[in-house]
Amino acid sequence: VHLQASGGGLVQAGGSLSLSCAASASRFSINGMGWYRQAPGNKRELVAAIPPSGSTVYADFVKGRFAISRDNAKNTVFLQMNSLKPEDTAVYFCKVWYGYGMESWGQGTQVTVSS
């Protein structure tokens, strides 16, 4: 499965950005979809994840500010980021879990929040 992410960019603190990530068509079913981020010098960390149906998962540092959603018909996952902080600056990666235990990563998109 190939992932194509879009969105991101530069925004002032307190602003909003949205990300989207579309998965290519596959004979395998798309299971979970999620977003991770990695800041310079830091490990890649989970931001949010969403199963095909049911409860979403958020990292504590984005709860109440970010919202993950998906369009199953288009195999696309979205991340709406509000009230952005300078510490949210990172490269954001989308990830999907598909088939039987397989996973794929998107290419990463830069989000920069200025103070």
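The values are calculated or read from the model by the stated rules, or taken from the named source; none is laboratory data. Because the structure is a prediction, the values reported are computed rather than measured. Cβ placement follows ideal geometry from the backbone for every residue including glycine, while neighbour counts extend to all protein chains displayed. For accessibility, only protein heavy atoms count, side chains too; no ligands or nucleic acids. Shrake-Rupley method; radii C 1.70, N 1.55, O 1.52, S 1.80 Å.
Give just the number: which of (1) surrounded by 14 or more Cβ atoms within 10 Å (Cβ to Cβ); (2) out of contact with any helix residue (DSSP H, G or I) (no Cβ under 7 Å at 6 or more places or on another chain) does residue 48 not satisfy?
Looking at each condition in turn, residue 48 falls short on (2).
Residue under question is residue 46, and the condition is that it be closer than 17 Å to residue 88 by Cα, aliphatic (A, V, I, L, M) and without any contact (Cβ under 8 Å) to a residue 24 or more places away in the chain; does it hold?
For residue 46, the condition - closer than 17 Å to residue 88 by Cα, aliphatic (A, V, I, L, M) and without any contact (Cβ under 8 Å) to a residue 24 or more places away in the chain - is met.
Only one of these conditions is not met by residue 54: (1) part of a loop (DSSP other than H, G, I, E, B); (2) in contact with a strand residue (DSSP E or B) (Cβ under 9 Å, 6 or more places away or on another chain); (3) open to solvent by 60 Å² or more (accessible area, probe 1.4 Å). Which number is it?
Tallying (1) part of a loop (DSSP other than H, G, I, E, B); (2) in contact with a strand residue (DSSP E or B) (Cβ under 9 Å, 6 or more places away or on another chain); (3) open to solvent by 60 Å² or more (accessible area, probe 1.4 Å), residue 54 fails exactly one: (2).
Table: residues versus (1) modelled with pLDDT of 95 or more; (2) crowded, with 16+ Cβ neighbours inside 10 Å; (3) within 15 Å of the chain's Cα centre (by Cα); (4) on the phi > 0 side of the Ramachandran plot.
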| residue | (1), (2), (3), (4) |
| --- | --- |
| 25 | no, no, no, no |
| 29 | no, no, no, no |
| 34 | yes, yes, yes, no |
| 40 | no, no, no, no |
| 43 | yes, no, no, no |
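If I ask for residues that are open to solvent by less than 40 Å² (accessible area, probe 1.4 Å) and part of a loop (DSSP other than H, G, I, E, B), which ones from segment 57-70 would you list? Full working, then the answer.
Quick first cut of segment 57-70, residues open to solvent by less than 40 Å² (accessible area, probe 1.4 Å) only: 59, 62, 65-66, 68.
Correct list: 59, 65.
Somewhere in segment 77-90, is a residue modelled with pLDDT of 95 or more, under 16 Å from residue 33 (Cα atoms) and β-branched (Val, Ile, Thr)?
Going through segment 77-90, the residues modelled with pLDDT of 95 or more turn out to be 77-90.
Remaining after also requiring under 16 Å from residue 33 (Cα atoms): 77-80.
Now drop any that are not β-branched (Val, Ile, Thr), which leaves 77.
Within segment 77-90 (the criterion being modelled with pLDDT of 95 or more, under 16 Å from residue 33 (Cα atoms) and β-branched (Val, Ile, Thr)), the answer is yes, since at least one residue qualifies.
Can you tell me which residues in segment 71-106 are of a type in the set (Val, Ile, Thr), open to solvent by 20 Å² or more (accessible area, probe 1.4 Å) and assigned to a strand (DSSP E or B)?
91
Only one of (1) touching a helix residue (DSSP H, G or I) at 6+ places or on another chain (Cβ under 9 Å); (2) among the basic types (Lys, Arg); (3) in contact (Cβ under 8 Å) with a residue 24 or more places away in the chain fails for residue 70. Which number is that?
The single condition residue 70 does not satisfy is (1).
For segment 6-29, check the following and say yes or no: at least one residue is within 30 Å of residue 115 (Cβ to Cβ), of a type in the set (Phe, Trp, Tyr) and out of contact with any Cys (no Cβ under 8 Å at 6 or more places or on another chain). Please lay out each step first, then the result.
First, the residues of segment 6-29 that are within 30 Å of residue 115 (Cβ to Cβ): 6-21.
Right, trim to of a type in the set (Phe, Trp, Tyr) and you get none.
Within segment 6-29, not a single residue is within 30 Å of residue 115 (Cβ to Cβ), of a type in the set (Phe, Trp, Tyr) and out of contact with any Cys (no Cβ under 8 Å at 6 or more places or on another chain).
Can you tell me how many residues within segment 1-17 are under 13 Å from residue 111 (Cβ atoms), surrounded by fewer than 15 Cβ atoms within 10 Å (Cβ to Cβ) and touching a Gly at 6+ places or on another chain (Cβ under 9 Å)?
Here the count works out to 0.
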